[in-house]
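Data first, discussion second: the structure below is written as structure tokens.
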Amino acid sequence: MKLPFSKMHGLGNDFMVLDGISQAIELTPAIIRRFASRQFGIGFNQLLLVEPPQQPDIDFKYRIFNADGSEVEQCGNGARCFAKFVRDKGLTIKSRIAVETRNGIIHLHVEPSGMVRVDMGVPILEPVKIPFKAEKQAVDYIIRDGEDSFEIGAVSMGNPHAIMLVDDINLFPVRQVGRRIEAHQDFPQRVNAGFLQVVHAKFAKLRVYERGVGETLACGTGACAAHVYGRLKGLLGPEAEIKLPGGSLHLSWAGEGANVYMTGPATHVFEGVIDL
Ligand SMILES: N[C@H](CCC[C@H](N)C(=O)O)C(=O)O
């Protein structure tokens with residue numbers, strides 16, 4: 001079977017995007033891992049599968065799979081690319097799109113500039129819902145790993161994030177520490193590990209070691225979670241630019257109980273066909 005796909009990215013966080021509306025597609029974790037391989041397949045951080053909605057008044061459903069084949073709840077950069085994909089493919093003419101993911105409904109607005117503003121919903125801070133093993137909800141937690149202990153924030157944007165403040169993201173051993181946090185026993189579904197350097201109240205730098213992938217050039221939900229943690233620590237204001245290695249996102253969060261808004265680009269790279 002020939003499988004057409006679009007290759008896209010959001011600030012270098014790259015995706016294989018599939019239209020599961022015009023064609024029925026059955027994927028297994030092994031197939032996803034093969035497609036994700038940059039030597040044996042297409043190469044991507046996540047695979048996005050667009051499907052018909054299952055709820056009324058919702059335009060689409062989209063499913064998200066990490067390069068290791070695991071299906072996850074949310075993807076911020078992916079949401080922006082999804083919005084561009086469904087419009088470019090003529091699956092909708094709307095510029096305001098409601099989409100169902102594994103863990104909630106998000107609302108997208110494709111602006112005239114082509115930038116996409118995503119309402120990512122209300123961040124989840126209750127440990128059991130992240131999920132994260134903690135006695136009670138707090139701003140900061142200490143997790144222990146062998147001889148070491150790490151101070152982190154824990155936030156879910158539908159998917160789990162641990163965020164650590166660092167002095168200089170370019171000098172910090174993100175991959176070594178990220179790998180240990182991703183697999184830490186206190187996160188029963190593993191976790192995305194963000195490393196945040198606050199420059200001032202409106203600007204911060206971030207690197208993310210993503211669950212199921214490793215370090216990526218950008219992580220949209222990671223930027224949302226980092227902004228929330230930076231706000232809770234009193235270090236970031238309600239509007240902030242967060243710069244990742246692949247580029248910058250604009251974040252807006254009024255505070256606890258409010259929705260997080262993320263604005264950024266979505267880029268189409270090429271169309272392809274692969275043998276399934
Ligand atoms: N690795 C993430 C999913 C993709 C998130 C990231 N690519 C984004 O833009 O939010 C997880 O396992 O929860």
**OP:** State the Kirkwood hydrodynamic radius of segment 1-147 in Å, one decimal place, computed from all pairs of distinct Cα atoms.
**Re:** 16.8 Å
Subject >> Euclidean distance of C-alpha centroids, segment 128-172 and segment 1-77, integer Å >> reply: 28 Å
Original post:
How much accessible surface area, in Å² rounded to 10, belongs to the heavy atoms of TYR141 with a 1.4 Å probe?
Top reply: 20 Å²
Original post:
If you roll a 1.4 Å probe over the chain with all protein chains in place, what percent of the accessible area is carbon or sulfur?
Top reply: 50 percent
**OP:** Quick one: compute the contact order of the chain, relative version, from alpha carbon pairs under 8 angstrom and 6+ residues apart, as a percent.
**Re:** 21 percent
Subject >> Kyte-Doolittle mean at least 0.0, axial Cα span of 15 Å or more - DSSP H helices of the chain >> reply: 220-232
**OP:** Go ahead and estimate [θ] at 222 nm for the chain from helices alone: -39,500 (n - 2.57) per DSSP H run with n ≥ 4, summed, over the residue count, rounded to 500.
**Re:** -4500 deg cm²/dmol
Original post:
Taking amide H positions as placed 1.01 Å from N in the peptide plane, with prolines and chain starts having none, which residues 5 or more places from VAL213, or on another chain, fall under 5 Å of its amide H?
Top reply: none
Original post:
How large is ³J(HN,Hα), in whole Hz, for each residue of segment 258-263 in order, when computed from phi with the Karplus curve 6.51 cos²θ - 1.76 cosθ + 1.60 and θ = phi - 60°, using x for Gly and Pro?
Top reply: 8, 7, 9, 10, 10, 10
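Over segment 130-276, with the other protein chains present, what is the accessible area per residue in square angstrom, probe 1.4 angstrom? Numbers along the way, then the final one.
Details: 6300 Å² over 147 residues.
Using a 1.4 Å probe on heavy atoms only, each residue of segment 130-276 averages 43 Å².
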Original post:
Which aspartates and glutamates have a Cα less than 13 Å from the Cα of LYS89, not counting those fewer than 8 places away in the same chain?
Top reply: ASP19, GLU271
Subject >> Which of ILE93, ALA225, ILE31, positive extreme of dipole for the chain (C-beta unit charges) >> reply: ILE93
Original post:
Among ILE169, ASN13, PRO56, whose Cα lies farthest out toward the positive end of the dipole of the chain, if unit charges sit on the beta carbon of Lys, Arg (+1) and Asp, Glu (-1)?
Top reply: ASN13
Subject >> Distance violations [Cα-Cα > 31 Å] among LYS94/LYS243; LYS84/LYS136; LYS2/LYS205; LYS2/LYS84; LYS94/LYS233; LYS7/LYS129 >> reply: LYS84/LYS136; LYS2/LYS205; LYS94/LYS233; LYS7/LYS129
Subject >> Pairwise centroid distance, computed over Cα atoms, of segment 103-123 with segment 203-276, Å >> reply: 12 Å
Original post:
Top mean-square fluctuation among SER149, SER95, SER252, Gaussian network model of the chain, C-alpha springs under 10 Å?
Top reply: SER149
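The values are calculated or read from the model by the stated rules, or taken from the named source; none is laboratory data. Just so it is clear, the structure is predicted and the values come from calculations on it, not from any experiment. FYI the Cβ positions are ideal-geometry reconstructions off the backbone, even for glycines, and counts take in every protein chain you see. Ligands, DNA and RNA are excluded from the accessible area calculation, which covers all protein heavy atoms including side chains. Shrake-Rupley method; radii C 1.70, N 1.55, O 1.52, S 1.80 Å.
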